[in-house]
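Asker: Structure below; questions to follow.
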Amino acid sequence: MLDGHTIPQLGFGSGTAHYKQDAVKPILMALRANYTHIDTAQMYDNEDTVGDAISQSGIPREKLFVTTKVLELAEGETIEDNLKGSLTKLKMDYVDLFLLHAAIKFDKPGQLEDVWKQMEAVKDMGLGRSIGVSNFQAGELERILKVARYKPVVNQLEFHPYAYAQLRPVLKLQEEHGILTESYGGLTPLTKKTDGPVNAVLVELAAKIGGTQTQVLMKWLDQKGIIAVTTTSKEERLKEYVDVYSLPNLTQEDIQAIEEAGAKLQYSRLALYLEAERKKAQEVRDGAQSTSA
Ligand SMILES: NC(=O)c1ccc[n+]([C@@H]2O[C@H](COP(=O)([O-])OP(=O)(O)OC[C@H]3O[C@@H](n4cnc5c(N)ncnc54)[C@H](OP(=O)(O)O)[C@@H]3O)[C@@H](O)[C@H]2O)c1
């Protein structure tokens, strides 16, 4: 990464399938299968059980790479206080990567820039060894880059063939600055849009490389230089994910076929979330106006 630290290629998340659930079982399962990169967030409401699993595993802390994310700050709370709260739950002295989960919660004038300065301070304190962002669009990333002493090392994005076309502006900016991309939702064509145009391509390419459709999507991510953050509740899937890296590469034509099929459908969970958040914020503003009228 930009700051000299390294990040493991494949991450195991405590969100989505494990969102707001006790994460001890899945995290222990991943750690016992030699996964070293664990992705959590305050929003998943299970940092405490992620910490329990890590403690129970007996694996030395320095052998693991742990990410958490701040979605928003309570009234008067600083980033330092906030991260210390996460560290208490995780039962550790530092996280390897601390991310701003989304820019939308820091949308007051100057707030994003101020929060980034505070992120830099927790890096200086060694509480977050590396700092980055998630779900940032190009304009939001540019605001941070203008004031940054430390550039974000990663942007964790919803990254799959149906979101790829919309991501191009932010990916271009990241490439210019050496900011890595982490994916979530990489398997969306198999989990959310199972009748989409990419599926026929996946069937064909899976047969061609002697793998599964899941592995074709992860291979596509890998060849685009993306750090994949995924998850599962099934032990057998852990091996399927790891085996991706020993399968033969896709050709440029294969990659093009995935991207052309992906461009036929636009789908983004993030866009749906942001739309709902903006609607909620508007309702609060409308409510405040009618009270003061
Ligand atoms: N930064 C953010 O805003 C954000 C948002 C969402 C998620 N995340 C992080 O990213 C992690 C992964 O997110 P994700 O779950 O969206 O990732 P994903 O890699 O798209 O999906 C993982 C899911 O795919 C399923 N799967 C794999 N192969 C399949 C197949 N052939 N058919 C059907 N289902 C299949 C697995 O289900 P099984 O259990 O059946 O194996 C697993 O639950 C989260 O846990 C979280 O840590 C971050």
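Asker: Greater than 26 Å separation of Cα atoms is the criterion. Which listed pairs, Lys69/Lys146; Lys63/Lys234; Lys192/Lys234; Lys84/Lys239; Lys151/Lys224; Lys84/Lys108, meet it? Kindly include the intermediate steps, with their values, before the conclusion.
Answerer: Values: Lys69/Lys146 22 Å; Lys63/Lys234 24 Å; Lys192/Lys234 18 Å; Lys84/Lys239 34 Å; Lys151/Lys224 21 Å; Lys84/Lys108 24 Å.
Where the Cα-Cα span goes over 26 Å, the pairs concerned are Lys84/Lys239.
Asker: What is the sum of charges, Lys and Arg at +1 and Asp and Glu at -1, for the other residues whose Cβ falls under 15 Å from the Cβ of Ser233? Let's see the in-between values first.
Answerer: Working: positive: Lys20, Lys25, Arg32, Lys234, Arg237, Lys239; negative: Asp22, Glu235, Glu236, Glu240.
With Lys, Arg at +1 and Asp, Glu at -1, the net is +2.
Asker: Taking only Cα atoms and a 10 Å spring cutoff, compute GNM fluctuations for the chain and point out the largest among Ala102, Ala271, Ala23.
Answerer: Ala271
Asker: When the accessible area of the stretch 100-221 is split by element with a 1.4 Å probe, what percent falls to carbon and sulfur?
Answerer: 52
Asker: Take the alpha carbon atoms of the stretch 10-265, find their radius of gyration, then divide it by 2.2 N^0.38 Å using N residues; give the quotient. The partial results should precede the final answer.
Answerer: Details: Rg = 18.4 Å, N = 256, 2.2 N^0.38 = 18.1 Å.
That ratio works out to 1.02.
Asker: At what distance in nm do the modelled label points of Lys105 and Lys192 sit from each other, each positioned 7 Å from its Cα along Cα→Cβ?
Answerer: Taking the simple label geometry, Lys105 and Lys192 are separated by 1.9 nm.
Asker: While we're on this one: Taking the Cβ of Pro26 as the centre, find all other residues whose Cβ is under 10 Å away and add up their charges (Lys, Arg: +1; Asp, Glu: -1).
Answerer: Numbers: positive: Lys25, Lys234; negative: Asp22, Glu235.
Combined, the nearby Lys, Arg, Asp and Glu give 0.
Asker: Something else: Under unit Cβ charges (Lys, Arg +1; Asp, Glu -1), what dipole magnitude, rounded to 20 debye, does the stretch 74-153 have relative to its Cα centre?
Answerer: Numbers: 12 positive and 13 negative charges, 41 e Å.
With only Lys, Arg, Asp and Glu charged at Cβ, the dipole is about 200 debye.
Asker: A follow-up question, please. Per-residue accessible area for Thr88 at 1.4 Å probe radius, Å² rounded to 10?
Answerer: Counting only protein heavy atoms, Thr88 exposes about 100 Å² to solvent.
Asker: Continuing with this model, one more query. Going from most exposed to least, what order do Arg129, Arg32 have by accessible area with a 1.4 Å probe? Each step should come with its number before you reach the end.
Answerer: Details: Arg129 100, Arg32 175 Å².
The ranking, largest first, comes out as Arg32, Arg129.
Asker: Per DSSP H run of n ≥ 4, the term is -39500 (n - 2.57); total these for the chain, divide by its residue number, and report the mean residue ellipticity at 222 nm rounded to 500 deg cm²/dmol.
Answerer: Details: 12 runs with 141 residues, N = 293.
Value at 222 nm, helices only, nearest 500: -15000 deg cm²/dmol.
Asker: Right, another one. Expressed as a whole number of Å, what is the distance separating the alpha-carbon centroids of the stretch 110-136 and the stretch 238-252?
Answerer: Result: 34 Å between the Cα centres.
Asker: Give me the net charge of Glu158's neighbourhood, meaning all other residues with Cβ under 11 Å from the Cβ of Glu158; Lys, Arg count +1, Asp, Glu -1. Don't skip to the end; give the middle numbers.
Answerer: Values: positive: Lys192, Arg269; negative: Glu182.
Its environment carries a net charge of +1.
Asker: Run down the aspartates and glutamates and flag those whose C-alpha is under 19 Å from the C-alpha of Lys20, throwing out any fewer than 8 positions away in its chain.
Answerer: The qualifying aspartates and glutamates are Asp39, Asp45, Glu47, Asp48, Asp52, Glu72.
Asker: In debye, nearest 20, what is the charge dipole magnitude of the stretch 10-265 about its Cα centre with +1 on Lys and Arg Cβ and -1 on Asp and Glu Cβ, if you could check?
Answerer: Details: 29 positive and 36 negative charges, 45 e Å.
In debye, rounded to 20, the stretch 10-265 gives about 220.
Asker: Ok, one more. Which of Ala30, Ala17, Ala163 moves the most in a Gaussian network model of the chain with Cα springs under 10 Å?
Answerer: Ala17
Asker: Send over a whole-number figure in Å² for the accessible area per residue of the chain, probe 1.4 Å. Intermediate results must be reported in sequence, preceding the final value.
Answerer: Numbers: 13780 Å² over 293 residues.
Computed with neighbouring chains in place, this is 47 Å² per residue.
Asker: Next up: Show me the GluC sites (Glu not before Pro) within the stretch 139-242 that DSSP assigns to loop and that have at most 15 other Cβ atoms within 10 Å of their Cβ.
Answerer: Working: sites: Glu140, Glu142, Glu158, Glu175, Glu176, Glu182, Glu204, Glu235, Glu236, Glu240; in loops: none.
Counting only loop positions with at most 15 other Cβ atoms within 10 Å, none of the GluC sites (Glu not before Pro) in the stretch 139-242 qualifies.
Asker: Might you work out the accessible area of Glu283 for me, using a 1.4 Å probe with all protein chains in place, and round it to the nearest 10 Å²?
Answerer: Using a 1.4 Å probe on the heavy atoms, I get roughly 110 Å².
Asker: Keeping all protein chains in position, work out how much accessible area Leu265 exposes to a 1.4 Å probe, and write it in Å² to the nearest 10.
Answerer: The accessible area of Leu265 comes to roughly 50 Å².
Asker: Spelling out what I want: for every residue of the stretch 154-162, take phi, set θ = phi - 60°, compute 6.51 cos²θ - 1.76 cosθ + 1.60 (Karplus), and round to whole Hz; glycine and proline get x.
Answerer: 9, 10, 8, 10, 5, 10, 7, x, 7
The values are calculated or read from the model by the stated rules, or taken from the named source; none is laboratory data. Please read all numbers here as calculations on a predicted model, not as lab measurements. FYI the Cβ positions are ideal-geometry reconstructions off the backbone, even for glycines, and counts take in every protein chain you see. Surface areas here come from the heavy atoms of the whole protein model, side chains and all, with no ligands, DNA or RNA. Shrake-Rupley method; radii C 1.70, N 1.55, O 1.52, S 1.80 Å.
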